[in-house]
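Take a look at the structure set out below.
The values are calculated or read from the model by the stated rules, or taken from the named source; none is laboratory data. Computed from a predicted model, the values in this text were never measured in an experiment. Cβ placement follows ideal geometry from the backbone for every residue including glycine, while neighbour counts extend to all protein chains displayed. Please note that ligands, DNA and RNA were not included when accessible areas were found on the heavy atoms of the full protein model with its side chains. Shrake-Rupley method; radii C 1.70, N 1.55, O 1.52, S 1.80 Å.
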Amino acid sequence: MIGFRLGGQRFQALNGGAPVDYGTAASISVQCADQAEVDGLWAALTADGGSEIMCGWLRDRWGIPWQIVPEILPRLLAGPDAAVSARVFTAMQGMVKLDAAALERAAK
């Protein structure tokens, strides 16, 4: 994974591992401050022909893939307790739109 700034905006790029079609090989990732921001962006980006994918991913009406991520997810995944990270990751895998409160519950 690499991080970079473009026009003052922070971006991340990563190699997701398993081969995927080009359409999902690159996406825009938005880290949201809270669930309200996740919900608002999710609703706006899936409106008018957008579609939900899984694990916080969606496609907007133009087919652009996005990752809408509550800021708590990377913190929980990067924590020092591997068991907590594993529970959070497993919970995330069962979600379409990410639920910050459910991720926190999985951590406990």
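Among residues belonging to the range 1-45 that are open to solvent by 80 Å² or more (accessible area, probe 1.4 Å) and closer than 21 Å to L76 by Cα, point out the one that is modelled with the lowest pLDDT. First the steps, then the outcome.
At the first step, the residues of the range 1-45 found to be open to solvent by 80 Å² or more (accessible area, probe 1.4 Å) are 1-2, 4-7, 9-10, 12, 14-15, 19-22, 31.
Imposing the further condition that a residue be closer than 21 Å to L76 by Cα reduces the set to 1-2, 10, 12, 14-15, 31.
Details: M1: 69, I2: 76, R10: 78, Q12: 73, L14: 66, N15: 63, Q31: 92.
Out of the qualifying residues, it is N15.
Among all residue pairs at least 6 apart or on different chains, which show Cβ distances below 8 Å where the first residue, located in the range 88-108, is farther than 13 Å from L77 by Cα and the second is in a helix (DSSP H, G or I) and of a type in the set (D, E)?
If the second residue must be in a helix (DSSP H, G or I) and of a type in the set (D, E), the pairs left are K97/D39.
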